[in-house]
Amino acid sequence: MMARSSTPTLAGVFRWPQCEGLASSVAPKSSGSRSAGTDHGRRGGWRARDWRARDWQTGDWQTGRMEFELAQVNIGRLTAPVDSPVLAGFMAALDPVNAAADQAPGFVWRLQTEDGNATAIQAFGWDAAGSAGVILNMSVWTDVEHLGAFVFGEMHRQIMRRRREWFHPMREAYLACWWVPAGHRPSTSEAEERVRYLRRHGPTPHAFNLRVSYPPPGGAGDRKGEQPVRGSGEWLCPA
């Protein structure tokens, strides 16, 4: 699990001017360590029937039956410290947006500490790039469609129209999605690896975004899961 870094992070909602794929609005809930979380209650998930897929962590092949859920992480480089008046509007919006996400169709889980303090979760300190710090947003959803519907919903768009006040634009990939076995709660170290992979290789079944995604592992002998899927034409940049 991740050790705390000197860079502040926070679970919230954010996206950048280039609109590369977007992320969810909330971060998942942790129990025990700051990287692990407690389940808010799974509401379904993709089922692969008679699938033969790479083991999600080791890459080994195995045959069986498994359900999958969609993990997502996105990060933001702050223009000011989290306790600065500059970020007051963003901080004030977190609780209402997180509460809305908790009730959204397809929502499964979000990352935060045991006492509910999402701003205390620290990761991606290596990616601060001279900013005031990096904030982290991580959650699990049933599928890409439900995640995208919330991210591009009006409540989320209203917050994102002010993103330039709070975050530096990023040229690098800042959002990564990947499929996990149902019930798995991703750690921050896992999230860091997916972001690094996406930056090196672009969208692949191992790490992708909302603009170009991949289905969960499919049936035996079926390579459908390796074919990219373009995001909905309605998922446009909100501002």
message: Given the criteria touching a strand residue (DSSP E or B) at 6+ places or on another chain (Cβ under 9 Å) and in a helix (DSSP H, G or I), does H146 qualify?
response: yes
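If you take the residues of the stretch 165-188 that are part of a strand (DSSP E or B) and not aliphatic (A, V, I, L, M), which of them is surrounded by the fewest Cβ atoms within 10 Å (Cβ to Cβ)? First the steps, then the outcome.
Let us first name the residues in the stretch 165-188 that are part of a strand (DSSP E or B), namely 167-168, 175-181.
After this cut, where a residue has to be not aliphatic (A, V, I, L, M) as well, the list is 167-168, 177-179, 181.
Working: F167: 25, H168: 16, C177: 27, W178: 25, W179: 27, P181: 14.
Filtering the stretch 165-188 for residues that are part of a strand (DSSP E or B) and not aliphatic (A, V, I, L, M), the one surrounded by the fewest Cβ atoms within 10 Å (Cβ to Cβ) comes out as P181.
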- prompt: Given the conditions (1) in a loop (DSSP other than H, G, I, E, B); (2) at pLDDT 95 or above, and given that A191 satisfies all but one, which numbered condition is not satisfied?
  reply: (1)
- request: Name every residue in the stretch 202-239 that is over 30 Å from R162 (Cα atoms), assigned to a loop (DSSP other than H, G, I, E, B), modelled with pLDDT of 55 or more and among the charged types (D, E, K, R), in order of residue number.
  value: R223
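Residue-wise test of (1) out of contact with any helix residue (DSSP H, G or I) (no Cβ under 8 Å at 6 or more places or on another chain); (2) not hydrophobic (A, V, I, L, M, F, W, C).
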site	(1), (2)
A99	yes, no
P105	no, yes
W109	yes, no
V134	no, no
S139	no, yes
T142	yes, yes
E145	yes, yes
G148	yes, yes
Of all residues in the stretch 94-114 being small (G, A, S) and not in a helix (DSSP H, G or I), the one that is farthest from R162 (Cα to Cα): G106
statement: Residues of the stretch 80-97 being under 27 Å from A129 (Cα atoms) and either in contact with a Lys or Arg (Cβ under 6 Å, 6 or more places away or on another chain) or not hydrophobic (A, V, I, L, M, F, W, C) (or both), in sequence order, are P81, D83, S84, P85, G89
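Looking only at residues that are of a type in the set (A, V, I, L, M, F, W, C) and more than 25 Å from Q122 (Cα to Cα) in the stretch 137-158, which one is nearest to the chain's Cα centre (by Cα)?
The first filter runs over the stretch 137-158 and keeps only residues of a type in the set (A, V, I, L, M, F, W, C), leaving 138, 140-141, 144, 147, 149-152, 155.
Next, only the ones that are more than 25 Å from Q122 (Cα to Cα) stay: 144, 149, 152, 155.
Working: V144: 11, A149: 14, F152: 14, M155: 18 Å.
Within the stretch 137-158, the match that is nearest to the chain's Cα centre (by Cα) is V144.
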- prompt: Scanning the stretch 120-142 for residues that are out of contact with any strand residue (DSSP E or B) (no Cβ under 8 Å at 6 or more places or on another chain) and outside any loop (DSSP other than H, G, I, E, B), which turns out surrounded by the fewest Cβ atoms within 10 Å (Cβ to Cβ)?
  reply: W126
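The values are calculated or read from the model by the stated rules, or taken from the named source; none is laboratory data. Note that the coordinates shown come from a computational prediction; the quantities given were computed from them, not determined experimentally. A quick note on method: Cβ atoms are made from the backbone with ideal geometry, for glycine too, and the neighbour counts reach across all protein chains shown.
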